Amino acid sequence: MELMDQTLTLLKKEILLEWRSKYAFNGVLLYVVSTVFVCYIAFSLSAGFAGSSGYPIVWNVLFWIIMLFASVNAIAKSFVQESRGRLLYYYSIASPQAIILSKIIYNMLLMALLSTLAIIVYVVFFKNVVGDPLLYFTSVIIGSISFSTVFTMISAIASKAGNNGTLMAILSFPVIIPVILILIRFSKNAMDGLDRSLNYGHMGALAAINAIVIATSLLLFPYLWRD
């Protein structure tokens with residue numbers, strides 16, 4: 001119960017600070033909208049591309065590339081914005097498990113909101129080719145959760161190494177590549193309107209990856225926190 005209470009208190013703090021400054025939200029939303037618009041202009045220069053057989057594949061892959069870099073930009077700020085004095089204060093009032101859990105849950109909520117807005121903007125600019133919109137939206141939400149769990153722990157490690165962006169990219173590469181590949185297959189099935197039962201395996205694989213990453217975060221973050 002104490003862990004849950006600490007986690008909820010820290011989560012409320014994260015949401016309150018973001019609500020006051022909207023630093024991460026506005027920055028990443030601007031990045032997503034501007035990137036989608038630039039891609040739209042680039043594709044508009046290719047006459048007839050929207051009606052080609054390769055358009056749905058490019059539509060799907062491009063969306064996940066945009067969301068991948070948006071996630072990195074949003075979640076990398078999780079520990080960057082925390083001053084040394086504030087981290088020391090957290091150390092005295094809360095357990096490291098509560099801190100990392102609150103960060104993960106906050107990033108899940110933030111990325112779920114940003115992903116929802118991103119897919120809306122994406123559909124407005126690009127011709128919608130999704131056969132099963134509900135299943136595709138499900139893949140977007142699951143993807144945003146997966147990005148949050150992976151990048152939150154990597155962000156914590158990078159913050160202890162001087163917020164080295166290169167280190168974050170290198171450490172996240174072995175985990176995020178399988179996640180991206182599963183999400184692309186999952187969302188492609190949704191675009192083709194295939195039977196939803198075909199995606200149960202993809203959902204299970206993503207759930208297993210998220211569970212492993214969260215469990216690893218809870219085990220390793222206390223040792224990282226002592227540094």
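Values computed for the structure shown
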read-out	value
Folded to 0 to 90 degrees: helix 55-75 orientation relative to the chain principal axis, Cα	20
Using θ = phi - 60° and Karplus 6.51 cos²θ - 1.76 cosθ + 1.60, couplings along the stretch 92-98 (whole Hz; Gly, Pro as x)	8, 10, 9, 7, x, 5, 5
Among the listed pairs Lys103/Lys127; Lys12/Lys77; Lys127/Lys188, those beyond 25 Å (Cα-Cα)	Lys103/Lys127
Accessible-area composition of the stretch 2-225, carbon plus sulfur, in percent [1.4 Å probe]	72
Folded to 0 to 90 degrees: helix 200-225 orientation relative to the chain principal axis, Cα	30
222 nm mean residue ellipticity, helices alone, for the chain (DSSP H n ≥ 4; -39,500 (n - 2.57); rounded to 500)	-28500 deg cm²/dmol
Potential lengthening between Leu117 and Asp5 on full extension [0.36 nm per residue; Cα-Cα distance subtracted]	37.3 nm
Which label in [x] 13.1; [y] 11.6; [z] 16.8 gives the computed mean projected area of the Cα convex hull in nm²	[x]
Computed E for Leu62/Ile93 - FRET, C-beta separation, R0 45 angstrom, nearest 0.05	0.55
Accessible area in square angstrom per residue, the chain, 1.4 angstrom probe	50
Between helix 2-21 and the chain: long-axis angle, C-alpha atoms, 0 to 90°, nearest 10	60
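The values are calculated or read from the model by the stated rules, or taken from the named source; none is laboratory data. None of these values were measured; they are calculated from a predicted model. No Cβ is skipped: glycine too gets one built from the backbone with ideal geometry, and neighbour counts run over all protein chains shown. Ligands, DNA and RNA are excluded from the accessible area calculation, which covers all protein heavy atoms including side chains. Shrake-Rupley method; radii C 1.70, N 1.55, O 1.52, S 1.80 Å.
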